[in-house]
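Each remark here refers to the structure printed beneath this line.
The values are calculated or read from the model by the stated rules, or taken from the named source; none is laboratory data. Here the structure is a predicted model, which is why all the values come from computation and not from measurement. Here Cβ is always computed from backbone atoms with ideal geometry, including for glycine, and neighbour counts include all displayed protein chains.
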Amino acid sequence: MVFEIRPARPADAVGVAQVWAAVMPHLVKSARAIETELRGGRSRVILIAVDGPDVVGYSNLYLPEAGVAGARVRITVQVPPSYRERGIGTALLTAISAEAVTAGAGRLLAAVAEDSKAFAEKRGFELGRRMSHAAADLREAREPVAPPAGLRLTTYAELEPRQVFDAEVQVRDDDPSGFSGGPAYDEWVKVSWNNPDIRRDLSFAVLDGDRVLSFVTTTADADRGVIWSNLTGTIPSARGRGLAKVVKSHALAAARDAGFVTASTGNDAGNLPMLAVNKWLGYRTTSGAWTAEKAL
């Protein structure tokens, strides 16, 4: 097999989507959404492995903030099972690590699936936090929980992007796994808010006045009948009031009523409050992964 490593282009979106579907089928990540990322993203380097017209591997690097030397940066390396043991993963990891060095990074952070732990450890990564993927049968979804008195529940269809972004930035940086970071506002609007996979009618928020206190962003694949909770969070000052249960119970009930059959999500094993909410909602663990770090 002869393959080439090169930057991804918008025309590669279908092939990249096929890689994600083969490696992480529980995700909602369509070709249209990937094309949006490739056209609008500036905070990542995305490299792919190609064999002729076929995309046979994918990698990305979230660039560190300008002027931050030695930062820990997130990377992803994905190779479909049918293309493994051919040197593709090693070549992608080498190439994306070189990009990280050029960007001034000092450490790499990756999520490693159970079947890739040996690959990561052999290449100098140390396994860290346990993570899990879980799914719920929406036919058994609970009836939604009402918000506390004085607070208002709404969908993203009634919100401005800045309202959601301001809440998200308060949530993503304290995710213990380190995987909930995101770009600055202008890029976030292009690649996240305008993600074609987002269902704003199935994404909910609890507000105090105009301020979002808690939210869940839902992406959906109608063909498969699957939704994915892309991010669920409550701003620090509003925690302990059951707001995550409110927004997520409404999202799952709305998805059920819209004809979806399965809800999927991922969590850090140390995020006990969110794990408790998901257990109450009927999620059951389907697979696992680990954080993995390596010094450059």
Query raised in the report: Hey, among the residues in region 245-254 that are surrounded by fewer than 24 Cβ atoms within 10 Å (Cβ to Cβ) and of a type outside the set (Ser, Thr, Tyr), which one's nearest to residue 278 (Cα to Cα)?
Result: 245
Requested in this report: Can you give me the ranges of the strands (runs of 3 or more DSSP E) entirely in region 35-100 with at least 1 residues that are modelled with pLDDT under 95, of a type in the set (Gly, Ala, Ser) and in the same structural domain as residue 19 (by TED's automatic domain parsing)?
Outcome: 71-78
Requested in this report: Please list, ordered by first then second residue, the pairs with beta carbon atoms under 8 Å, 6 or more apart or interchain, first in region 190-211 and in the same structural domain as residue 226 (by TED's automatic domain parsing), second modelled with pLDDT under 95 and part of a loop (DSSP other than H, G, I, E, B).
Outcome: 190/41; 191/41; 191/183; 192/182; 192/183
Query raised in the report: Out of (1) assigned by TED's automatic domain parsing to the domain that holds residue 13; (2) within 23 Å of residue 251 (Cα to Cα), the odd one out for residue 117 is which?
Result: (2)
Query - Members of region 154-211 found to be over 29 Å from residue 108 (Cβ atoms), surrounded by fewer than 19 Cβ atoms within 10 Å (Cβ to Cβ) and among the β-branched types (Val, Ile, Thr), listed by number - result: 154, 155
Report summary line: All conditions in (1) loosely packed, with under 15 Cβ neighbours inside 10 Å; (2) touching a Leu at 6+ places or on another chain (Cβ under 9 Å); (3) closer than 16 Å to residue 206 by Cβ are true of residue 236 except (2)
Query - One residue from 111, 157 being outside the structural domain of residue 277 (by TED's automatic domain parsing) and either farther than 21 Å from residue 296 by Cα or in a strand (DSSP E or B) (or both) - result: 111
**Report entry** Every residue from region 103-121 that is surrounded by fewer than 17 Cβ atoms within 10 Å (Cβ to Cβ) and either of a type in the set (A, V, I, L, M) or more than 16 Å from residue 295 (Cβ to Cβ) (or both)
**Finding:** 103, 114, 115, 117, 118
**Report entry** Which numbered condition residue 11 misses (of (1) among the hydrophobic types (A, V, I, L, M, F, W, C); (2) at pLDDT 95 or above; (3) surrounded by 13 or more Cβ atoms within 10 Å (Cβ to Cβ))
**Finding:** (3)
